[in-house]
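Have a look at the structure below before the remarks.
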Amino acid sequence: MSFSFSPGMGPRGAIRKLGGTGEKGRLFNWRVITGMIVFLKPYRKRMALAFFLMLVVTGLTLLIPILIGITIDNYITVGDTSGLARMAILTAITFSALYGATATLQYNLSWVGQRVLADLREALFRHLQALPLSYHDTHIVGVTVSRMINDVAVINDFLTQGLINLVGDVLILIGIVVVMVLMEPMLALLTFTVLPVMILITYIFSKRAQVAFRVIRTRLAALVGRLAENIDEMRVIQAFVQEKAIEERFETVNWANRQANVDALRLSFVFLSSVEFLATVAMAIVLWYGGRAIAGGSVTLGVLVAFLAYVTRFFQPIQELSRIYTTMQSAMAGGEQVLLMLNTLPGITDRPDAIIMPMIQGKIELDDVSFRYRYDMPEVLHNLSLSIQPGQTIALVGPTGAGKSTIAKLIVRLYEVSDGCVKIDDLDVRSVTQESLRKQAGLVPQDPFLFSGTIEDNIRYGQPDASSEAVVQAAKLAYAHEFIQEMPASYQTPILEGAVNISVGQRQLICIARAALADPRILILDEATASVDTLTEVLIQKALEKLLTGRTAIVIAHRLSTIRKADQICVVDNGRIVETGTHAKLLSEDGLYRNLYEKQFMDEVEVL
């Protein structure tokens, strides 16, 4: 068989003749693919362009060996130098078009990839903010970060680069098979004798790779989680001289991650080496049979050269498919975890008919409220009822774990009641939007957290549009203005990682200033003085007296001396309110409050 173009066919006609159709793979986790493919929809025009360019690249790749074979048989062997020049120019143009189309394809895929990567991470971050506090309470931060960074990146690689290249490689394989059969059927059949072994090796590799790369994603997430935890707690580690123990624990996780990657690399190495060996065997078969056929005159030199080019190219897509399969398995493993995160339903959502919360007057009612963190966990609060009038300051006291903070979080709907209802100004909190409710409620936490940025940025956090004058006034109300002025750059002083350049007491005063600027109608103080010195506690108490004026307040306190002026004190024990009354009333009774107060008083005397 020799090469020749049919009349009027030309190179483009040859490409059309060699076209083929890909087939759907059976190695996909379609649940993951369909869950992730939606992120490609905004860029479907770009992906359509990429698909077209991939077809062009496939066609040109199949065309080049044909041109080489034609050049050898029709021009070189007969000494047609003018025809040789024309074919050389045509081949050069084809190569140039191939490189141009490949470069454009890769740029287009990279363009889409970066946008899909950003979209995926933004969607995950938005979803994480919508998830209930119970989700964040039970999931390691580092593992979540690993999902957003590592897993999303490999998913993006597969969705953009992998799928297009997968289709292209399949089309090239089909095209090469068609051309080889048309060129020399017997030589093609001899070449394909290695395919049963190739199929068996691919099947074994696919099964083991699926397990190996799921292990890699899990161990990488564990490694990042342990790393984030250790870095976050470095001060505690050093304070208790636990560097060696922590290093050993990290080494264990790190080694497990290393071993998982080594196992996967070993698997890939064995597979790729097997493919290369089979390619060499196929090449030897072509040389042996093709050489004999040339000697017998049934095959031309051009056909043999083109056939060798196709045999070499035939195994390249198979190797590429193994790389894509590796990426795919890693993406499937990561995609399962990302989808699990995206499919985690927000525990608290606005009703379709939710209204905007009117200006809060401050009346709060808890009507027969019960709460459990999850349906399969025991109740934390049991049939609890409480009534707070506008402008009142209510203190919640009791042993650790009694449910005090949970009550406060239910009021602003950070948690959802299991039974009963919470009302503010006679409106069930579930009937109003969360945003409108929380914009009128402020929280000063026990562990004051400052974000990266300046001191002014942190005070302005709840009111981004507040003026600098309003920020200063809020700081003065919180007795923070004086120490802020003494900072290196005053209100523009940057907050370092972990706010190490600000004392705990100063952080708390800044948090109080933040709450003051937000001007909430309901204020929750969650043990705001638990971790400060006596002098700072005095400043905080003065600031709170100003801040609480005209507002409904819920104060959670361990230091019972700080809530003497509360309008009502509720003693919480084992998820129930067991005592209520003023400080004086509760002291006059022989109950839990009196026992707590006397024990705390005796502890303070012993310290003195």
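The values are calculated or read from the model by the stated rules, or taken from the named source; none is laboratory data. All values derive from a computational prediction rather than experimental measurement. Quick reminder, even Gly has a Cβ in these numbers, built from the backbone with ideal geometry, and neighbours come from all protein chains shown.
Residues to consider are Arg351, Arg313; find the one that is in contact (Cβ under 8 Å) with a residue 40 or more places away in the chain and in a loop (DSSP other than H, G, I, E, B). Don't jump to the end; show me each part of the working.
On the way: Arg313 fails: in a loop (DSSP other than H, G, I, E, B).
Criteria check complete, one pass: Arg351.
Of all residues in the stretch 92-131, how many are among the β-branched types (Val, Ile, Thr) and buried (at least 16 other Cβ atoms within 10 Å of the Cβ)?
First, the residues of the stretch 92-131 that are among the β-branched types (Val, Ile, Thr): 93-94, 102, 104, 112, 116.
Remaining after also requiring buried (at least 16 other Cβ atoms within 10 Å of the Cβ): 94, 102, 112, 116.
So the answer is 4.
Those residues that are over 19 Å from the mean Cα position of the chain (by Cα), touching a residue at least 12 places away in the same chain (Cβ under 8 Å) and more than 30 Å from Leu287 (Cβ to Cβ), I need them from the stretch 203-231; list them, please.
Step one: filter the stretch 203-231 for residues over 19 Å from the mean Cα position of the chain (by Cα), giving 203-212, 230-231.
So of that shortlist, the ones also touching a residue at least 12 places away in the same chain (Cβ under 8 Å) come out as 205-206, 208-210, 212, 230.
Result: Ser206, Arg208, Ala209, Gln210, Ala212, Asn230.
Say whether the condition of being surrounded by 13 or more Cβ atoms within 10 Å (Cβ to Cβ), modelled with pLDDT under 85 and in contact with a helix residue (DSSP H, G or I) (Cβ under 7 Å, 6 or more places away or on another chain) is met by at least one residue in the stretch 40-58.
Scanning the stretch 40-58 turns up at least one residue that is surrounded by 13 or more Cβ atoms within 10 Å (Cβ to Cβ), modelled with pLDDT under 85 and in contact with a helix residue (DSSP H, G or I) (Cβ under 7 Å, 6 or more places away or on another chain).
Would you mind telling me which numbered condition in (1) under 30 Å from Ala123 (Cα atoms); (2) in a loop (DSSP other than H, G, I, E, B) Met332 fails?
(2)
Quickly run through the stretch 80-109 and pick out the residues that are in contact (Cβ under 8 Å) with a residue 24 or more places away in the chain and of a type in the set (Gly, Ala, Ser).
Correct list: Ala97, Ala101.
Being surrounded by fewer than 16 Cβ atoms within 10 Å (Cβ to Cβ), at pLDDT 85 or above and more than 23 Å from the chain's Cα centre (by Cα) narrows it down to one of Arg266, Arg292, Arg258, so name that one. Don't jump to the end; show me each part of the working.
Details: Arg292 fails: at pLDDT 85 or above; Arg258 fails: more than 23 Å from the chain's Cα centre (by Cα).
Testing whether each residue is surrounded by fewer than 16 Cβ atoms within 10 Å (Cβ to Cβ), at pLDDT 85 or above and more than 23 Å from the chain's Cα centre (by Cα) leaves just Arg266.
Would you confirm whether any residue within the stretch 132-147 is in a helix (DSSP H, G or I), closer than 26 Å to Ser110 by Cβ and of a type in the set (S, T, N, Q)?
Here is the first cut: in the stretch 132-147, the ones in a helix (DSSP H, G or I) are 133-138, 141-147.
If we keep only those that are closer than 26 Å to Ser110 by Cβ too, we end up with 145-147.
Remaining after also requiring of a type in the set (S, T, N, Q): 146.
Scanning the stretch 132-147, I find at least one residue that is in a helix (DSSP H, G or I), closer than 26 Å to Ser110 by Cβ and of a type in the set (S, T, N, Q), so the answer is yes.
Could you grab the pairs with beta carbons closer than 6 Å, sequence gap of 6+ or different chains, first residue in the stretch 49-78 and under 10 Å from Gly168 (Cβ atoms), second one hydroxyl-bearing (Ser, Thr, Tyr)?
Going by the 6 Å Cβ cut-off, the qualifying pairs are Leu53/Thr104; Val57/Thr102.
In the stretch 351-379, how many residues are touching a helix residue (DSSP H, G or I) at 6+ places or on another chain (Cβ under 9 Å) and either at pLDDT below 85 or surrounded by 18 or more Cβ atoms within 10 Å (Cβ to Cβ) (or both)? Walk me through it before giving the result.
We begin by selecting, within the stretch 351-379, every residue touching a helix residue (DSSP H, G or I) at 6+ places or on another chain (Cβ under 9 Å); these are 351, 353-358, 360, 364, 366, 369, 371, 373-374.
With either at pLDDT below 85 or surrounded by 18 or more Cβ atoms within 10 Å (Cβ to Cβ) (or both) added as a condition, the list becomes 357, 360, 364, 366, 369, 371, 373-374.
Going through the stretch 351-379 one residue at a time, the tally reaches 8.
Is it the case that Thr34 is within 30 Å of Val181 (Cβ to Cβ) and at pLDDT below 90?
On the way: within 30 Å of Val181 (Cβ to Cβ): no; at pLDDT below 90: yes.
For Thr34, the condition - within 30 Å of Val181 (Cβ to Cβ) and at pLDDT below 90 - is not met.
Report, by residue number, each residue of the stretch 144-203 that is within 30 Å of Leu227 (Cα to Cα) and among the aromatic types (Phe, Trp, Tyr).
The answer is Phe158, and nothing else.
Please list, ordered by residue number, the strands (runs of 3 or more DSSP E) wholly in the stretch 382-501 having 3 or more residues that are surrounded by 20 or more Cβ atoms within 10 Å (Cβ to Cβ). Lay out the reasoning, then the answer.
Values: elements: 393-397, 419-424, 441-444.
The qualifying strands (runs of 3 or more DSSP E) are 393-397, 441-444.
Mind checking whether some residue in the stretch 179-202 is of a type in the set (Val, Ile, Thr) and without any contact (Cβ under 8 Å) to a residue 40 or more places away in the chain? Lay out the reasoning, then the answer.
Quick first cut of the stretch 179-202, residues of a type in the set (Val, Ile, Thr) only: 179, 181, 191, 193-194, 197, 199, 201-202.
Next cut, without any contact (Cβ under 8 Å) to a residue 40 or more places away in the chain only: 181, 199.
Scanning the stretch 179-202, I find at least one residue that is of a type in the set (Val, Ile, Thr) and without any contact (Cβ under 8 Å) to a residue 40 or more places away in the chain, so the answer is yes.
Would you pick out the residues in the stretch 567-596 that are at pLDDT below 85 and either hydrophobic (A, V, I, L, M, F, W, C) or under 28 Å from Ala516 (Cα atoms) (or both)?
Passing the criteria: only Leu596.
Could you tell me which residue of the stretch 134-169 is nearest to Ala48 (Cα to Cα), considering only residues that are out of contact with any helix residue (DSSP H, G or I) (no Cβ under 7 Å at 6 or more places or on another chain) and either of a type in the set (Gly, Ala, Ser) or surrounded by fewer than 19 Cβ atoms within 10 Å (Cβ to Cβ) (or both)?
Taking the candidates together, the pick is Ile149.
Does any residue in the stretch 232-249 that is surrounded by 13 or more Cβ atoms within 10 Å (Cβ to Cβ) come within less than 6 Å, Cβ to Cβ, of a residue that is modelled with pLDDT under 80 and assigned to a helix (DSSP H, G or I) six or more places away or on a different chain, and which pairs are these?
As it stands, the answer is Ile246/Asn230; Ile246/Ile237, since those pairs meet every condition given.
Name the single residue, out of those in the stretch 181-196 being of a type in the set (A, V, I, L, M, F, W, C) and either in contact with a strand residue (DSSP E or B) (Cβ under 7 Å, 6 or more places away or on another chain) or more than 16 Å from Ala284 (Cα to Cα) (or both), that is surrounded by the most Cβ atoms within 10 Å (Cβ to Cβ). So that I can check it myself, show each step before the final result.
Let us first name the residues in the stretch 181-196 that are of a type in the set (A, V, I, L, M, F, W, C), namely 181-183, 186-190, 192, 194-195.
Then keep just the ones that are either in contact with a strand residue (DSSP E or B) (Cβ under 7 Å, 6 or more places away or on another chain) or more than 16 Å from Ala284 (Cα to Cα) (or both); that gives 181-183.
Details: Val181: 15, Leu182: 12, Met183: 21.
Step by step, filter the stretch 181-196, then rank; the result is Met183.
Within the stretch 39-85, which residues are part of a helix (DSSP H, G or I), more than 53 Å from the chain's Cα centre (by Cα) and farther than 23 Å from Val177 by Cβ?
Scanning the stretch 39-85 gives Thr71, Asn74, Tyr75, Ile76, Thr81, Ser82, Gly83, Leu84, Ala85.
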